[in-house]
Each structure stands twice: as structure tokens, then as C-alpha cells.
Amino acid sequence: MDAFRRLTLRAAGLLALAALAPVRALAAGWNKDAFQSKTPADALKALGRSGASDSAEILIEAPQIAENGAVVPIEVTSRIPGTKSLAVLIEKNPFPLAAQFDFMQGAVPYVKVNVKMGESSDVRVVAEAGGRFYTAAREVKVTIGGCGG
Amino acid sequence: MAAGPMKMRATLKGDVADVRVLMSHPMETGQRKDGAGKPIPMHFIQNVTVSLNGKPVIEGQISQAVSRNPVFSFRVKGAKAGDKLEVSWLDNKGEQNKTETALA
């Protein structure tokens, strides 16, 4: 009876591991759910970082007015000690999540990247440090085709 | 436009390596149409990895919202002259490329 129970338990454990494995592989790859989310809230939920608190220690450098929405330079620095990752969301883009970076052993939580913006929008950054989430946002106005706006 | 070569420049300032990398890639969003009005399929980089001496230090996941021919800047602390820095990418069609440089 005991032997049977042990076997059953072991089988259940193996099954649980097998069920977990593909999830882990996905996490290391590309978070399809987060990138295909159509609202910033859904994207953050898919990334597992809802409920971030505002922080002045996340610096976002971006043009106030971008004449060309196809190339908008965004520079992000986190001064929060132990920052492990940064997610960049363009709130009004059809798919808000633009990028997500994980920083390991010695990498500075800093990144500069050019993004596409469909219209004027807040650019939001969510940082993870010590298991907590922090956020800051900055508005960028986009002048499409240079005809005002 | 097909994916093309990469360019990287890395400069040491103290023990921090300033890395600037350019990737030639169309970064198609799937929302544009060709001359005949047919939608151009999505084609974009999804993963970007920065490694120092073979160890990944920055792992990025990106979307089609990153501009065509992406340019990134990264900073890696604890680097020294002679260290090997590698940046690689992988796109949604399984195409990939990488470039490496020795820090000076």
C-alpha cells in the first residue's frame, strides 16, 4: 500500500514537472501574451507586474515632440538599487508593450532604443527590483507628417 | 528588405562598457501594405542578448514597435580591456545574427 502510494506520488510529481516545463521554456523565449496584449494593463498583467508604485528614480529621456513617429529615441535609466528588469510600454500603440529587458550580474539597468509611435502617448516604464515593481511615465507628442498636432 | 549585417561599437569608461549596436532589420509590423495593397507579413526581431565573455548579461524581448534597423545602447559594469562582448538577435522567422568585439 505504502509502495503504491509512493509511486503514485512520484508519478504525480513528474506530471507536475512536465506541465511546468513548457511554461519555463516560454518565459525564457518571447512572452507572446504580453506582447499581443492590446492595453497596457493587460500587458503588465501578462508580464506579472501589475500594481507598480510611482517612482522618481526611473529616468526617461525622450523628445517632448517627435516629428517622426517611426523613430522616437527613448532612453531609460533606473536608479533603484537592484533593478533586475525594465519594461517599456507605449500606452497608445495598438500593442503597447515595446520591449522588456532583464539585467544580470553587472549589467547597468539602462537602455536606449528607438521605437515607433502611432500617435501622441505616454511612454511608461516599469522596473522590477527586490520583487517589487516601480513605474514612471513621460508624454511624447507625435507630429505625423509634420502637419501640426 | 532582408535582415543584414550588424555594427557594434563598445568603449570602456572606467569599468563600464558603453555598447552601441546597430542591427539591419526591416522590423515589419504586419500593418503596412505593399504596392498591390496586400499586407506585408510581420517580420521583426524578438530576442536580443548581450553577453560578456560568453555569459549573458542583458536579455531583451522586443516587439514590432522597435524602429526599422534597430539601434540599442547598453551599459555593462565590471568590464575590462580584452573582454569579449557579443550581441545577438533572433527574429520571428528564426533568422538570427550576432557580432562580437574585444573591449579596448
Check your understanding: Just a yes or no: is a residue in the stretch A:59-69 more than 9 Å from every other protein chain (Cβ to nearest Cβ), closer than 25 Å to B:Val19 by Cβ and β-branched (Val, Ile, Thr)?
Key -> yes
Apart from one, (1) within 18 Å of A:Ile58 (Cα to Cα); (2) in contact (Cβ under 8 Å) with a residue 24 or more places away in the chain all hold for A:Ser120; the odd one out is (1)
Counted residues in the stretch A:92-114 being surrounded by fewer than 18 Cβ atoms within 10 Å (Cβ to Cβ) and outside any strand (DSSP E or B) come to 5
Check your understanding: Yes or no: A:Arg132 more than 10 Å from every other protein chain (Cβ to nearest Cβ), touching an Asp or Glu at 6+ places or on another chain (Cβ under 9 Å) and among the charged types (D, E, K, R)?
Key -> no
* Asked: Is the stretch B:29-44 home to any residue that is acidic (Asp, Glu), out of contact with any Leu (no Cβ under 7 Å at 6 or more places or on another chain), more than 11 Å from chain A (Cβ to nearest Cβ) and surrounded by 16 or more Cβ atoms within 10 Å (Cβ to Cβ)?
  -> no
Of (1) more than 8 Å from chain A (Cβ to nearest Cβ); (2) over 16 Å from A:Ala87 (Cα atoms), B:Thr49 fails just (2)
A:Ala136 - would you say it is under 19 Å from B:Gln61 (Cβ atoms) and in contact with a strand residue (DSSP E or B) (Cβ under 6 Å, 6 or more places away or on another chain)? no
Within the stretch A:115-129, the count of residues that are more than 7 Å from chain B (Cβ to nearest Cβ) and in a strand (DSSP E or B) comes to 9
All conditions in (1) closer than 20 Å to B:Val48 by Cβ; (2) surrounded by fewer than 19 Cβ atoms within 10 Å (Cβ to Cβ) are true of A:Gln64 except (1)
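Given the criterion of a type in the set (A, V, I, L, M, F, W, C) and under 16 Å from B:Val57 (Cβ atoms), identify the matching residue among A:Val108, A:Val88, A:Val72, A:Val76. Reasoning before the result, please.
On the way: A:Val88 fails: under 16 Å from B:Val57 (Cβ atoms); A:Val72 fails: under 16 Å from B:Val57 (Cβ atoms); A:Val76 fails: under 16 Å from B:Val57 (Cβ atoms).
Answer to the check: A:Val108.
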Regarding the stretch A:70-91, can at least one residue be identified that is closer than 20 Å to A:Asn31 by Cα, within 14 Å of another protein chain (Cβ to nearest Cβ) and not in a strand (DSSP E or B)? yes
Is the stretch B:77-94 home to any residue that is free of Cβ contacts under 8 Å to residues at least 40 places away in the same chain, farther than 28 Å from A:Met117 by Cβ, within 11 Å of chain A (Cβ to nearest Cβ) and aliphatic (A, V, I, L, M)? no
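Just so you know, all these numbers are worked out from the coordinates, no wet-lab data involved. Every value quoted in this text rests on a predicted model; they were computed, and no experiment measured them. Every residue, glycine among them, receives a Cβ derived from its backbone with ideal geometry; neighbour counts consider all protein chains shown.
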